[in-house]
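First the structure, in the form of structure tokens, and then the observations on it.
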Amino acid sequence: MKPNLEIEIAGVRFKNPVTVASGTFGYAEEFEHLIDLDALGGIVTKSITRKERPGHPPPRTHETSAGMLNAIGLANVGIERFIDEKIPFLKKLKTVIIVNVAGSSLDEYVEVCRMLEKAGGFDMIELNVSCPNVDRGGMEFGTDPDAMIKVIAAVRDVTTRPVIAKLSPNVTSIATIAKAAQQGGAAAVSLINTLVGMAVDIETRKPCLTNGTGGLSGPAIKPVAIAMVHKVYKEINIPIIGIGGISDWRDAVEFHLVGALGLQVGTANFIQPDATMHIIKGLQTYLSGHNIESINDLVGKVRM
Amino acid sequence: MKKTIPQICRVINNRRLDTKGSYYELTLELGHKTKKIFPGHFVHIKTGAGLDPFFRRAFSIAGVDSENRISIIYKIVGKGTALLGQLQKDDTVDIIGPLGNFFSVPDKKQTVVIAAGGVGLPPLLYFAEYLLSKKHPADKILFFYGGRTKDDLLKRKEIKKLGIPFYPCTDDGSFGFHGLITEAIEANLSKLECDKTSIYGCGPEPMLAALQRLAMDHSLNGEISLEAPMPCGVGVCLGCIKPRLDKPNSYVRVCYEGPVFKIGEVKL
């Protein structure tokens with residue numbers, strides 16, 4: 001019997017739990033010649049802001065041990081060009097389209113989501129309230145429970161689509177923030193965004209990134225992400241989408257076991273553009289091998 | 001549509017190009033058919049099986065033979081290239097490619113000035129061979145090749161064999177013209193008609209900056225191929241960017257809009 005990989009989040013059905021993380025997959029068109037996009041459970045776009053942003057000056061990525069630092073600075077085409085140039089391609093795909101929205105004020109989040117709602121052609125919104133790389137990039141909404149409740153409630157007023165809150169690990173208690181997201185009306189939470197990190201060139205004595213600090217991602221952060229998903233799973237009732245160093249199907253199983261229903265593959269897309277395809281196949285084989293009927297039966301089944 | 005997925009290639013040959021042993025030529029047999037390869041295309045190579053180095057490394061394709069074998073030329077400068085240096089015949093390598101854009105082919109009436117600096121040689125040697133195969137007149141392809149010393153000028157015999165005017169130059173004067181490649185080009189410019197001359201360059205960024213200035217000062221058109229550390233190589237990480245010269249406050253991705261750019265497009 002072929003195991004069932006289907007999951008459902010707030011009425012949206014995913015053919016499998018494997019989606020791609022914002023900022024690691026462009027607007028999907030870049031990957032069209034690399035993998036079968038329709039085979040993905042879903043696609044999360046690059047963060048979209050009200051106005052086009054060039055991002056920070058280079059260097060804005062830096063290789064680290066088993067990972068990387070980035071401080072791209074929310075470079076994106078802006079909501080108008082996104083609607084005109086990117087949605088027509090995305091809406092033809094037979095997979096769940098999640099638009100990631102970033103802003104530097106409550107009004108910006110609301111305005112971008114209102115424009116998206118009018119344009120249509122997507123399934124869900126993910127709010128980036130956790131970008132560590134910009135002065136005002138929503139991080140204040142992701143670190144303060146009251147601000148989190150407010151931003152989600154405000155966005156929900158202008159959209160019919162389910163809203164996912166993407167959480168920052170750079171907080172004292174991620175569970176507190178997750179509970180706030182739930183209280184605000186989030187359909188799900190996704191975690192973790194990158195960890196703040198820094199590297200210094202010992203010859204020039206300057207930071208390796210123009211921005212100084214950046215966000216650490218890749219296999220190096222997976223244990224942190226696993227611990228945080230595990231913690232949040234015990235505290236909330238809405239689904240969790242696990243993110244953080246997922247590179248193969250074993251990582252995927254580990255995230256499911258600690259409570260992730262959905263998954264986002266991020267930095268692995270840079271190294272192995274078909275990583276997602278291997279993860280989907282690997283999950284199927286794992287479930288068959290363990291006589292598990294549905295991926296849902298694996299969620300939160302860690303034995304403590 | 002043909003997918004450019006990672007593929008495991010067999011090593012045909014990995015040979016030293018110089019006596020010091022820091023330059024190598026790696027020839028790989030492609031595991032499956034790819035889209036057609038042109039001069040300027042690059043491949044993204046996983047230099048080791050583990051997580052260190054974490055990123056792939058990008059290399060311009062130095063040539064393709066009739067049996068679909070590609071070669072790259074590299075200099076050992078760090079962890080990734082050191083690992084490549086250890087490869088033996090019949091080992092396997094994980095590559096993605098061909099990626100990026102490629103040099104445009106000029107009209108046969110144009111004089112083509114090729115400016116290769118150091119390890120910028122591979123795509124331009126391939127380009128010169130390609131132009132000759134497309135019947136571009138041999139006397140209209142001028143091959144300038146600059147390096148620090150004589151030892152840094154690779155494949156001199158192969159270049160000579162092409163039968164095109166060859167202008168080697170070295171910083172220390174140990175071989176050919178004594179001076180910078182841009183000085184060597186400038187010394188020959190008076191013989192050329194600017195509106196019938198195109199420049200094609202690849203090499204270290206300071207050299208390309210000087211080359212671009214020279215081209216713009218003399219209203220020469222042409223193209224340069226850039227290099228940058230590339231986390232993804234496929235246009236999504238936005239790490240390998242360069243500022244645009246023709247459009248302020250905006251960037252190009254070296255891996256996606258490039259690596260080949262028109263003279264005057266990128267700020268160097």
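Hand me the trypsin sites (Lys or Arg not before Pro) from region A:128-229 located in a DSSP loop with no more than 14 other Cβ atoms within 10 Å, in residue order please. Write down the numbers at each step before the final one.
Values: sites: A:Arg136, A:Lys150, A:Arg156, A:Lys166, A:Lys179, A:Arg205; in loops: A:Arg136, A:Arg205.
Counting only loop positions with at most 14 other Cβ atoms within 10 Å, the trypsin sites (Lys or Arg not before Pro) in region A:128-229 are A:Arg136, A:Arg205.
Determine, at each q value in 0.09, 0.12, 0.13 (inverse angstroms), the log₁₀ of I(q)/I(0) that the Debye formula gives when each Cα of region B:51-209 is one equal point scatterer.
Rounded to two decimals, the profile gives -0.33, -0.58, -0.67.
Please return the longest range in chain B lying between exposed loop sites, taking GluC sites (Glu not before Pro), DSSP loop only, at most 10 other beta-carbon atoms within 10 Å, and leaving the sites out.
B:68-192
Need one value for A:262-271: mean number of C-beta atoms belonging to other chains within 10 Å of its residues' C-beta atoms.
Details: counts 0, 0, 0, 0, 0, 5, 0, 4, 12, 12.
That works out to 3 on average.
With a point put 7 Å past each Cα toward its Cβ, work out how far A:Glu6 is from A:Asp157 in nm, to one decimal.
Once both label points are built, they end up 3.7 nm from each other.
Could you check the spin-label model distance between B:Asp246 and B:Asp90? Points 7 Å from the Cα along Cα→Cβ, value in nm.
Label at B:Asp246, label at B:Asp90, 5.1 nm between them.
Size of the dipole of region A:111-179 about the Cα centre, Lys and Arg at +1 and Asp and Glu at -1 on the beta carbon, nothing else charged, in debye to 20?
Rounded to the nearest 20 debye, it is 140 debye.
Give the Cα extents of region A:71-139 along the principal axes, in whole Å, largest first.
Ordered largest first, region A:71-139 gives principal extents of 35, 24, 19 Å.
Please give the length that would be gained between B:Ala209 and B:Asp65 if that part of the chain were fully extended, namely 0.36 nm times their separation in residues minus their C-alpha to C-alpha distance (nm, one decimal).
48.6 nm
Which listed residue (A:Gly23, A:Val12, A:Ile43) has the Cα farthest towards the positive end of the charge dipole for region A:1-61, taking +1 on Lys and Arg C-beta and -1 on Asp and Glu C-beta about the Cα centre?
The one lying farthest along the dipole's positive direction is A:Gly23.
Please compute the modelled spin-label separation between A:Thr176 and B:His218, points set 7 Å along Cα→Cβ, answer in nm with one decimal.
Modelled inter-label distance: 6.7 nm.
Find how much the distance from B:Asp195 to B:Lys157 grows on full extension, using 0.36 nm per residue of separation minus their present alpha carbon separation; answer in nm with one decimal.
This chain segment gains 10.5 nm when fully extended.
For region B:218-268, list log₁₀ I(q)/I(0) at each q in 0.15 Å⁻¹, using the Debye formula over Cα point scatterers of equal strength and ignoring solvent, two decimals each.
Calculated log10 I(q)/I(0) at the listed q: -0.38.
Kirkwood hydrodynamic radius (Cα pairs, Å) of the protein assembly as shown? If you can, show how the numbers build up before the last one.
Details: mean 1/r = 0.0397 Å⁻¹.
Evaluated over the protein assembly as shown, this radius sits at 25.2 Å.
Give me a single rounded figure for B:225-238: the average over its residues of other chain Cβ atoms within 10 Å of their Cβ.
Going residue by residue through B:225-238 and averaging, the value is 6.
Sorting A:Asp36, A:Asp84 on the 10 Å Cβ count, fewest up front, what's the list?
In increasing order of surrounding Cβ atoms, one gets A:Asp84, A:Asp36.
Using the count of nearby Cβ atoms within 10 Å as a rough guide to exposure, how do A:His230, A:His62, B:His218 rank from fewest to most?
Working: A:His230 20, A:His62 23, B:His218 14.
Fewest-to-most ranking of A:His230, A:His62, B:His218: B:His218, A:His230, A:His62.
Take every Cα pair under 8 Å in region A:68-179 that's 6+ residues apart, average their separations, divide by the length, and report that relative contact order as a whole percent.
Computed over region A:68-179, the figure is 25 percent.
Where a number appears in this text, it was derived from the coordinates with a stated rule and is not lab data. All values derive from a computational prediction rather than experimental measurement. FYI the Cβ positions are ideal-geometry reconstructions off the backbone, even for glycines, and counts take in every protein chain you see.
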